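Since the structure comes first, as C-alpha cells, the remarks are kept for the end.
The values are calculated or read from the model by the stated rules, or taken from the named source; none is laboratory data. What you see is a predicted model; the values in this text were computed from it and never measured. So basically every Cβ, Gly included, is an ideal-geometry build from the backbone, and we count neighbours across all protein chains shown. Accessible surface areas use protein heavy atoms only, side chains included; no ligands, DNA or RNA. Shrake-Rupley method; radii C 1.70, N 1.55, O 1.52, S 1.80 Å.
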Amino acid sequence: MNQQQGTIFSKVAMPIAITAIVVYLICSAWVGMRDPYKFTVAYTDSMETSVNATGWVVRSEVPVSGASGVVQLLRGQGEKVAKGKNLAVVYQDETYVASQEELLQVQTDLTALQYATYPESPSGTALEEQMLSSMTSLRQAASSGNFSGLADQSATYRKLVLRREYLLSSNATTAMTQAAAQLQSRYDELQAHQSKASSIQAPVSGLFSSYVDGYETVLTPAKLEGLGPRDLEAFAQTDPTPADNVIGKLVTNAAWYYAITVPGDTVGRFDNGDSVDVFFDSLSESFPMTVYSVGEVQDNKVVVVLRSSQDDDKAEDLRQESGRVIFHSSEGIRVPKQALRITEDGERGVYVVVSQKARFRPVTILAEDDTSYLVKAAPTSEEDTRILRDGDQVVLASAELTDGKVVR
C-alpha cells in the first residue's frame, strides 16, 4: 500500500512542484524586465581615515615601597598627593586594623558630642537656621544623586541635632556629658595602642595609583628617544616583576605617551605637532593626542610617539595596548556608489523616491570606501528644496533616470 502511494506521489505531485517553480522563475524575470529599479535607504553614518597600531603607554612613574605588616592605604585611585604626605599606615597585625576603624568611629562620635556640649556652639534662632540649611543641603544632594559630600553633610546635621537635644533636655545634657567623657577615655586608649603603627609618606608629589606592573622603571619617557621598532618589540619580551613590598606608584607628570609601531608606508601621514585621536581597544574610547616624534623606517616599520598633556583617570592603568590612530573622521549620509549620478547640467547627486517618482538630490562627497560614498546635501541656494535626508529611499538602477520619472 505504501509503495503504491509513493508511486502516485512521484507521478502526480512532483510534476506539479516542478511546474510551480518554473512559473515562479518566469514571473520573476518578467517583473524584473518591467521594473528595472531597485531601492535602498540612505542613512547617517561616519567614515574615518585611520591606521591600526600596537604599542606601549609610557609615563613618569615612581614606585612606592611599603613595609612589613598590614598596610592600610589612605589614598584613593588617582588622588593627588603632595610630597611628604601620608600614603598609607602599616600595622603589625590585623588587630591594629580593627582598632584603627574603632578609633575613627570614636573620633567621629566624640567630635559630635563635643560640638553639642560646647558652650559657644549655636543656639536659638541661629541653631534652627543652621539645621534648616543642613536639611536642605541633604535633600538637594539626594535628589541630584550627588553623594560625594554626603558623609560630611550627614555628620554636620547630626551634630546640630545633638546640640538641640542637649539644650532642650536636662537628661540629655547629663547623658551627653558622661558619654563624651567615656569616649574621650576610649579614644586616648586607642590612640596609645596605635602609636606602634608606622606611616608611609609620598617621596614625591603626584597622582597615586595602586596598580603596578614592574614597567614603571623599565618604560620611561627618557627611553623614548631614538626608539626603533625592534626596541619597542623587545619590551614585550621582558617580564618585570614589582617588588613584594611595593604598595603603588605616583604618576609625577600629567603628560603621558603612546609609543606605537605602524607600517612604514604610513609614515607620511605623521608630522610632528599634528593632532590626532587615538582609539584604545581595551577602553573602547578615543583620546586626543599630538604627534610627538616620528622615527626612521626599519624593515617597513616605524615607531611613532604620541603625547597627551591631558591627564585622564581612565588611561591611568593602560600599558601594552592596541588601537588605531584616527587622522580624520567625517559624518554624513551613506549611499551606495551605484546610486551616484551626474546630470546633463553637471550636477552630482542621487535620485530618491517621492510619491512614486524619482527626484534628484544634489550632494557633495565627503569620503568613500570600496562600496559607498559618505555625502552631504548640497542645495544650490537657500531656496533650493532638493535636500537629501536620512531615511530617504535612494534609487539604484542601470536604466536611464530623469527627474520626475515614475519608478514605482
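Of the residues that make up region 226-245, is at least one farther than 30 Å from Glu48 by Cβ and under 26 Å from the mean Cα position of the chain (by Cα)? No.
Scanning region 264-284 for residues that are open to solvent by 60 Å² or more (accessible area, probe 1.4 Å) and in a strand (DSSP E or B) gives Ser275, Asp277. Put simply, of Thr290, Thr261 the only residue that is of a type in the set (Ser, Thr, Tyr), touching a helix residue (DSSP H, G or I) at 6+ places or on another chain (Cβ under 6 Å) and farther than 30 Å from Gln72 by Cβ is Thr261.
Given the structure, is Leu103 open to solvent by less than 40 Å² (accessible area, probe 1.4 Å) and either β-branched (Val, Ile, Thr) or modelled with pLDDT of 85 or more (or both)? Working first, answer last.
Details: open to solvent by less than 40 Å² (accessible area, probe 1.4 Å): yes; either β-branched (Val, Ile, Thr) or modelled with pLDDT of 85 or more (or both): no.
When the stated conditions are applied, Leu103 does not pass them.
Using the structure shown, decide if Ala141 is at pLDDT below 90, out of contact with any helix residue (DSSP H, G or I) (no Cβ under 7 Å at 6 or more places or on another chain), of a type in the set (A, V, I, L, M, F, W, C) and more than 21 Å from Gln178 (Cβ to Cβ). So Ala141 does not fit the description; no. Within region 337-349, the presence of at least one residue that is assigned to a loop (DSSP other than H, G, I, E, B), surrounded by 15 or more Cβ atoms within 10 Å (Cβ to Cβ) and under 41 Å from the mean Cα position of the chain (by Cα) is confirmed.
Beta carbons closer than 9 Å, at least 6 apart along the sequence or on distinct chains, pair a first residue in region 317-346 that is over 30 Å from Glu233 (Cβ atoms) with a second that is acidic (Asp, Glu) and part of a strand (DSSP E or B) for Ser330/Glu48; Glu331/Asp45; Gly332/Asp45; Ile333/Asp45; Arg334/Asp45; Lys337/Glu368. Quick check: anything in region 240-249 surrounded by 13 or more Cβ atoms within 10 Å (Cβ to Cβ), within 27 Å of Gln310 (Cα to Cα) and without any contact (Cβ under 8 Å) to a residue 60 or more places away in the chain? No. For the structure I just gave you, tell me whether Val212 is open to solvent by 20 Å² or more (accessible area, probe 1.4 Å) and of a type in the set (A, V, I, L, M). When the stated conditions are applied, Val212 passes them.
Under the condition of being closer than 16 Å to Asp109 by Cα and small (Gly, Ala, Ser), the residues counted in region 143-186 number 9.
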